[in-house]
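For reference, the structure discussed in these notes is given below.
The values are calculated or read from the model by the stated rules, or taken from the named source; none is laboratory data. Predicted model only: the values in this text are computed from it and were never measured. Virtual Cβ from ideal backbone geometry, glycine too; neighbours counted across all protein chains shown. Surface areas here come from the heavy atoms of the whole protein model, side chains and all, with no ligands, DNA or RNA. Shrake-Rupley method; radii C 1.70, N 1.55, O 1.52, S 1.80 Å.
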Amino acid sequence: MSELIYKSTRNKAETATASQAILKGLANQGGLFVPDEIPALDVSLEDLAKMDYRGVAYEVLKLMLTDFTEEELKYCIDHAYDSKFDTTEIAPLVKKAGAYYLELFHGKTIAFKDMALSILPYLLTTSARKNHMDKEIVILTATSGDTGKAALAGFADVPGTRIVVFYPKNGVSPIQEKQMVTQAGDNTRVIGIHGNFDDAQTGVKKMFSDPELAKELADAGFQFSSANSINIGRLVPQMAYYVYAYTRLMNQGVIKAGDPMNVVVPTGNFGNILAAYYAKLMGLPIAKLVCASNENKVLFDFFETGVYDRKREFILTSSPSMDILISSNLERLIYRICGNDAEKNSAFMNALSGDGVYTIDADMKKELADFYGNYATEAEVASKIKEVYEAEGYIMDTHTAVAACVFDKYKSATGDATPTVIASTASPYKFTRSVMDAIDTKYDSLGDFELVDELTKLSGVPVPGAIEEIRTAPVRHDIVCEKDEMEAEVKRFLGI
Ligand SMILES: *Cc1c(COP(=O)(O)O)cnc(C)c1O
């Protein structure tokens, strides 16, 4: 098989193998690594339908990570998708209220970030070995709440790595914060910042693209890498569950091989939906990619008008993991629809960081025909949670509810009856207060863990281990800093 090359979205001369791209995380000048082409699936959908999650993951990963051996990939996959997940299905597909919910929250930290972050440490340490890396890898991560914990859980005590997580001090749910600040592991550091997610992400990207800082780190024996979805090692494992979902729809007798399927993805940084798009380019029969936003509806406006405009108020919602105005992975789509033109893409991205806005042309907009964008208000999200609970006894989290609302809007706008998979991105236990409040305001007066017990009573779903373990866990991280102190905090942690 020929080697798949990754290119930077901002410089056509910068190329990397898959393992080099994973190691580096981000390309130079703030660019993102993208596959030069997307290889076609070389196993039939019928055969994939007979495989379990690990089998499907292997068939996808082997096409995208061509410089890994079969043995290496199977080692990574087997160690990632094991009993850390509370179901052997890994990502169950359940039918509720006219849609198929792909439950991506059965991993260690009960959000979909586990799907990629349980394998990323294995991919990264394997990449380090393959490339004869002699430095300690420092994972720098900005989180809107879920990536942080999933990355910490994946990298804690992994030899040869350290991990620093920055989160918006007042922009995550109480359970999300507790999960992060109780993290054990000598190689971990969790830092709250006075700012929002975009500030955290911008600060991290700045450290990545600072050549002087890179030199200082290298002299001290360190190299940065990323656990955010700007790392291609996050996106590729996420492609696998769309193939898995499609083939489970086949197994459930809903579709035959080749029939179309739509997906609805609650979107923030555009990583999850981009993985679905890549799966489509790989040959998976996905018809529409429905991009669901919360009240931070910058992507909805973009799909409507072709204008990406981040100059607007940042709204704190009940779906904090989607409270984002600069969706990093959209850059990978922009690069593609402007003809894989790094110069043109750079001009858009420079406009975004300078003026805060860019406008794509009509030809580019035509390339977006497979996408549909819409958004849900806070009130719509709450009533959706209540409605599906009352009709089905099924309790979904706030992010998934954004997607469910947008699915309704899509159906009434188009009348499209194609079988549809909704990416269910978090357990309701992670957003207990918002979820219980949506069902009945009488829960307002209860404490966070009392709410957890009430949620169990209503849903009949046992309290996940991820929640039990933080009930009594001691707080280990209490640093809070300003956005311009992020670099100093990283250096302090590394002792340089
Ligand atoms: C991260 C996250 C999202 C958004 O996913 P992106 O890949 O950033 O678009 C949605 N829901 C939950 C629960 C998340 O943790």
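Here is how the numbers come out for the structure above:
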{"item": "Lysines whose Cα lies under 18 Å from that of K95, excluding same-chain neighbours fewer than 8 positions away", "result": "K256, K384, K386, K411"}
{"item": "Cα shape, segment 411-488, gyration tensor, a/c 1.5 rule", "result": "oblate"}
{"item": "Heavy-atom accessible area per residue - the chain, 1.4 Å, Å²", "result": "36"}
{"item": "Residues whose placed amide H lies under 5 Å from that of V264, excluding near-sequence neighbours", "result": "V290, V421, I422, A423"}
{"item": "Exposure rank, largest accessible area first [K366, K84; 1.4 Å]", "result": "K366, K84"}
{"item": "Gyration tensor (alpha-carbon) shape descriptor, segment 342-478, a/c threshold 1.5", "result": "oblate"}
{"item": "A362-A214 pseudo-label distance in nm [points 7 Å out on the Cα-to-Cβ vector]", "result": "4.1"}
{"item": "Trypsin sites (Lys or Arg not before Pro) within segment 253-318: DSSP coil, no more than 14 neighbouring Cβ in 10 Å", "result": "K256, K311, R312"}
{"item": "Low-density loop cleavage sites - trypsin sites (Lys or Arg not before Pro) in segment 448-496, where at most 14 other Cβ are within 10 Å (DSSP)", "result": "R476"}
{"item": "Out-of-range pairs (alpha-carbon distance over 26 Å; input K96/K409; K62/K409; K50/K84)", "result": "K62/K409"}
{"item": "Antiparallel %, DSSP beta bridges [both residues in the chain], to 5", "result": "25"}
{"item": "Model label zone, R129; criterion: amide N under 12 Å from point 7 Å along Cα-to-beta-carbon; scope segment 3-43", "result": "none"}
{"item": "Chain lengthening between R312 and V463 when straightened (0.36 nm per residue, less Cα-Cα)", "result": "50.5 nm"}
{"item": "The chain: C-alpha gyration tensor shape, a/c 1.5 cut-off, then a/b vs b/c", "result": "rounded"}
{"item": "Reach of K280 by Cα under 16 Å, taken over aspartates and glutamates that are not fewer than 8 positions away in the same chain", "result": "D36, E37, D42, E59, D259, E367, D370"}
{"item": "Candidates per GluC sites (Glu not before Pro) in segment 254-351, loop by DSSP, up to 12 other Cβ within 10 Å", "result": "E313"}
